[in-house]
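Step one of this worksheet: look at the structure below.
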Amino acid sequence: MPIERKLFVLYRISCFVVAFALFASVSPCQQAAVIDPTQPAVPQPSEYNDQPRESKRILGIIPNYRTSPSLQNYEPLTTGEKFKLASEDAFDRGTVGLAALFGGQGQLTNANRSFGQGAAGFGRYFGASYGDFVIGDYMTEAVFPTLLHQDPRYFRRGTGSGWSRFGYAMGQIFWTHRDSGGMQFNYSEVIGNSTAVAISNAYYADNRTASDATSRLGMQLGVDMAANVLKEFWPDLERKFRRKHTRDAAADKTK
């Protein structure tokens, strides 16, 4: 596996570790003001358009467009909405910034010798990194969810103990919602990422073995799982940061 990809994995796993450490400090019995997603859904106007949106980015850089606060008033996405969601993730400035960062790291470590060095080499590294993001987003959030009639969104649970929410977030990698209602194995995530890995073989000339492909797929599923944990607990972390900022500001005024 290219060093560039390992750095990407390490970055996202580090985000996971931060989230886990912080959410562990939340009382296990704390309840958030959202509806438990296990309750029956009542059809209402499209949640994607009408529900309050989550923060657009986690930690200021990781795109967070496909997170929904809950399954309350669930309505499936149209094909156009699925492609819009994938486009928001793929073309977000945070995605471009991450691609530039890991492209630069890949060049510094000479992860793919065929890419070369200099400005032209950086362009190839950046293009490959950004291609990974874009292809992965469209495969898992638009193309396969449309073909398989699955919902690409992550629905926050928001209630229960920290551990139950942690398990729920991890499980959403393999278990997702069908457009028609009910749950189903998350073929869009697994097949979509498998397709993205297969396509990436076209431009990663130095890493085309079956072992490399299997490793990339396993790592991608793992980091997507970590991202789900971040999405589940990010509103809680934001509230903590906001309260701390308010207290600090009040303390400054009293000085």
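Filter the chymotrypsin sites (Phe, Trp or Tyr not before Pro) in segment 124-198 to those in DSSP coil with at most 15 other Cβ atoms within 10 Å of their Cβ, and list the result. Please report the intermediate quantities before stating the final value.
Numbers: sites: Y125, F126, Y130, F133, Y138, Y154, F155, W163, F166, Y168, F174, W175, F185, Y187; in loops: F174.
In loop regions of segment 124-198 (DSSP not H, G, I, E or B), the sparsely surrounded chymotrypsin sites (Phe, Trp or Tyr not before Pro) are F174.
Electrostatic tally near A196: other residues with Cβ closer than 12 Å to its Cβ, Lys and Arg +1, Asp and Glu -1, net -4. Count Lys and Arg as plus one, Asp and Glu as minus one, and take only other residues whose Cβ is under 10 Å from that of D137; the net charge is then -4.
With N set to the residue count of segment 114-192, report its C-alpha Rg divided by 2.2 N^0.38 Å to two decimal places. Present the calculation step by step, with values, prior to reporting the outcome.
On the way: Rg = 17.3 Å, N = 79, 2.2 N^0.38 = 11.6 Å.
Dividing the Cα Rg of segment 114-192 by 2.2 N^0.38 Å gives 1.50.
Can you divide the C-alpha Rg of segment 99-255 by 2.2 N^0.38 Å and report the result to two decimal places?
Values: Rg = 20.0 Å, N = 157, 2.2 N^0.38 = 15.0 Å.
Rg over 2.2 N^0.38 Å, computed on Cα atoms: 1.33.
Summarised as an ellipsoid, segment 54-145 has semi-axes of 32, 14, 8 Å, derived from the eigenvalues of the Cα gyration tensor scaled by 5 and square-rooted, with the largest first. When segment 100-177 is described by a simple charge dipole with +1 on each Lys and Arg Cβ and -1 on each Asp and Glu Cβ, the residue from N112, Y130, T176 located farthest towards its positive end is T176.
Computed from the coordinates by the stated procedures, all read-outs in this text should not be read as laboratory data. Given the structure is predicted, the values throughout are model-derived calculations rather than measurements. So basically every Cβ, Gly included, is an ideal-geometry build from the backbone, and we count neighbours across all protein chains shown.
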